[in-house]
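Report on one structure; see the data block that follows.
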Amino acid sequence: WGGWVGAGCGGSVPGCDVRLQVQSVEKPQYRGTLHCFKSIIKQESVLGLYKGLGSPLMGLTFINALVFGVQGNTLRALGHDSPLNQFLAGAAAGAIQCVICCPMELAKTRLQLQDAGPARTYKGSLDCLVQIYGHEGLRGVNRGMVSTLLRETPSFGVYFLTYDALTRALGCEPGDRLLVPKLLLAGGTSGIMSWLSTYPVDVVKSRLQADGLRGAPRYRGILDCVRQSYRAEGWRVFTRGLASTLLRAFPVNAATFATVTVVLTYARGEEAGPEGEAVPAASAAPAGPALAQPSSL
């Protein structure tokens, strides 16, 4: 049934993650996820929760195409299925999709942090990226690329590895009447594990991408950001916004698996046999492990 991704870019309660990650420790604006959520609705209405939504939507199709294509082809190139190869194929997919994910998250971060109303700097995701390119060039559009790579590469490896292990352990087989609940559990758990594996890097990435937006730049790079953040706020700074991220990670990834399963069930229908005879898709598959590999999708 393959490995379906929803763990990567921007998995959190809308509008909360970036604001919690980059708020000043001297003058904190929010006391936590729930307070942030309520404050955004009170000050900016429900629409404030969806600031920067256009950016993820713009890149989602391309990201999924890259992830599925790279992961499947990498797994084929590695020659055989194993836990290590599942991790390596997922890591390769995560690294490649950063080309789109990094500018997309930069726009999302800037849009979430800008002031509401007529004083806003950017009119939308595309306008944000155009303005950044005009002022800072290609380097500005790719700000945070290294930290994005450090987050996405192992995160997608953990995602595919966890999903593969869980679906096999749960016995997810075509025709199983409990297939959808099992995929919901496997997908949601995989999303949570992938975020837990690299979340501190996501905090650093958000801070680097937001740096200089309100005042002079503070950080000289990744290590300097880690040092300054730890010195000012301790280790807890690297868990800022984690609750909001995990709240969304499970249902989003779980829903992705269930939706893909239903769509594939109806889209595949009956496949033609070797002599032109229609045979059920499940019986047309060659004998082997219960789970079809991502490369077979």
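Listing for the model above:
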read-out	value
Net length gained if the chain between A165 and L247 were fully extended (0.36 nm per residue, minus Cα distance)	27.3 nm
Ranked by how many other beta carbons lie within 10 Å on average, peptides 231-239, 246-254 from highest	246-254, 231-239
Most to least packed among 153-165, 211-223, 126-138 [average Cβ atoms within 10 Å]	153-165, 126-138, 211-223
Fully extended contour minus Cα-Cα distance, from L178 to Q228, at 0.36 nm per residue	13.1 nm
Rg and Dmax of the range 144-268, Cα atoms only, in Å	18.3, 59
Nearest-10 value in Å² for the accessible area of K182, using the 1.4 Å probe	50
Spherically averaged projected area in nm², based on the convex hull that wraps the Cα atoms of the range 118-213	9.0
Within-10-Å neighbourhood charge of T148 [Cβ basis; K, R +1; D, E -1]	0
Förster radius 51 Å - calculated FRET efficiency between L78 and Q131, Cβ distance, rounded to 0.05	0.75
Amide H within-cut-off set for T121, under 5 Å, with H built and near neighbours excluded	D115
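The values are calculated or read from the model by the stated rules, or taken from the named source; none is laboratory data. Keep in mind the model is a prediction, meaning the values are calculated, not measured. When we count neighbours, we look across all protein chains shown, and the Cβ atoms used for this are built from the backbone with ideal geometry, even at glycine. These accessible areas exclude ligands, DNA and RNA; they are computed on the full protein's heavy atoms, side chains included. Shrake-Rupley method; radii C 1.70, N 1.55, O 1.52, S 1.80 Å.
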